[in-house]
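Notes to accompany the following structure.
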Amino acid sequence: MAEGKLIVLDGIDGCGKTTQFGLLTEKLREMNVPVKPVSFPEYDKPSAALVKMYLGGDFSSVPGGVNSYAASSFYAVDRFASYKLYWEEAYKKGSLILASRYTTSNAIHQMGKLPKEQWDGYLEWLEDYEYDKLGLPKPDCVIFLSMPLEISQKLLMERYNGDSGKKDIHESDLEYMRSCLASAEYAAEKLGWRVVDCSEGGSIRSIQSIHEELLSITEEVNK
C-alpha cells in the first residue's frame with residue numbers, strides 16, 4: 001500500500017492557523033477523506049517537556065538565549081515521538097496527514113537567530129536532521145499562512161483577552177517575531193512553500209475565503 005500524503009499548515013503566531021486547521025480537518029472529514037490531524041508542539045505529551053521549559057523561559061528569558069540548534073532539537077524530538085506513537089501507521093496505510101506546524105516551524109522560529117549568511121546551512125542541516133537522521137516524513141506540501149505582523153499581533157491580543165502576560169517568550173518579543181517573518185519568507189522562497197496571503201489591503205481576509213483557498217490546494221495535492 002502506498003504511503004499517504006503529508007500537508008503542513010504553518011505561519012507566525014497569530015496568523016489564524018488554528019482556526020483554519022480546524023475548519024480544513026472538519027471539511028475533509030465531511031468529504032470522507034481519510035485524514036489524521038496532528039498539531040505541534042504536543043504540549044499535553046511528555047515529549048514536549050523541553051519545549052514547554054524553553055517557551056516558559058526556564059532556560060532564558062529571551063528566545064536568543066537558547067541557540068537555534070538546541071531549540072530545534074527540542075521540537076524535533078516532540079515530532080519524532082508523535083510520529084512513532086500516533087500517526088506512522090496511518091501515514092503508511094495511505095491516510096492524509098494534516099499537520100499544524102512541523103519541521104518547517106523550526107525554519108520560521110529558529111533560523112532567524114543566526115546571521116543571514118548561515119541560513120542556507122541551517123536549512124540543509126534541518127532537513128538532514130529531521131528527515132534523514134530522525135526519519136520523519138517529508139511534507140508533500142507546505143502551506144504558509146502569510147499575515148502582516150501588525151495584524152497577527154492584534155489577533156494574539158484578542159486570543160489572550162488583552163493580557164500580554166499570557167504570551168510566551170516568542171510572542172512577547174516583537175523584534176524576534178519580525179525576524180521570524182523574515183525567516184519564513186526566505187524559507188518559503190528557498191523551499192518552495194505555497195504562500196496564502198491572509199490579508200488584503202491591510203485588512204484580514206474572511207475566514208471562509210482563506211478556507212476555500214486552503215481546501216483547493218489540499219485537494220490538488222491529495223489527488
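Couple of notes before you dig in:
- Extension gain, E219 back to L149 (0.36 nm per residue minus Cα-Cα distance, nm): 22.3 nm
- Cβ-derived FRET efficiency at R0 22 Å, K27 paired with S203, nearest 0.05: 0.35
- Here the convex hull built on the C-alpha positions of the stretch 1-85 has a volume of 125 cubic angstrom per residue.
- Separation in nanometres of the label points that stand 7 Å from Cα toward Cβ, at K190 and N67: 1.8
- Annotation for the stretch 2-110: GluC sites (Glu not before Pro) lying in DSSP loop with at most 15 further Cβ atoms inside 10 Å of their Cβ are E3.
- Computed with a 1.4 Å probe over protein heavy atoms only, the accessible surface of the stretch 15-123 comes to 44 Å² per residue.
- Sparse-neighbourhood loop sites, trypsin sites (Lys or Arg not before Pro) in the stretch 54-137 - DSSP loop, at most 15 other Cβ within 10 angstrom: K93
- Using a Förster distance of 41 Å, the FRET efficiency for Y86-W125 (Cβ separation, nearest 0.05): 0.95
- Electrostatic dipole magnitude of the chain [Cβ: Lys, Arg +1; Asp, Glu -1; Cα centre; debye, to 20]: 460
- Placing unit charges on the Cβ atoms of the charged side chains and taking the dipole of the stretch 37-125 about its Cα centre, the candidate lying farthest along the positive direction among S72, F40, W87 is W87.
- Efficiency of FRET between E175 and D58 - r from beta-carbon atoms, R0 22 angstrom, step 0.05: 0.55
The values are calculated or read from the model by the stated rules, or taken from the named source; none is laboratory data. Since the structure is predicted, the reported quantities are computational estimates derived from the model, not experimental observations. Please note: Cβ atoms are built from the backbone with ideal geometry, for glycine as well, and neighbour counts cover all protein chains shown. Each accessible area value is taken on the protein alone, full model and side chains, heavy atoms only, with ligands, DNA and RNA left out. Shrake-Rupley method; radii C 1.70, N 1.55, O 1.52, S 1.80 Å.
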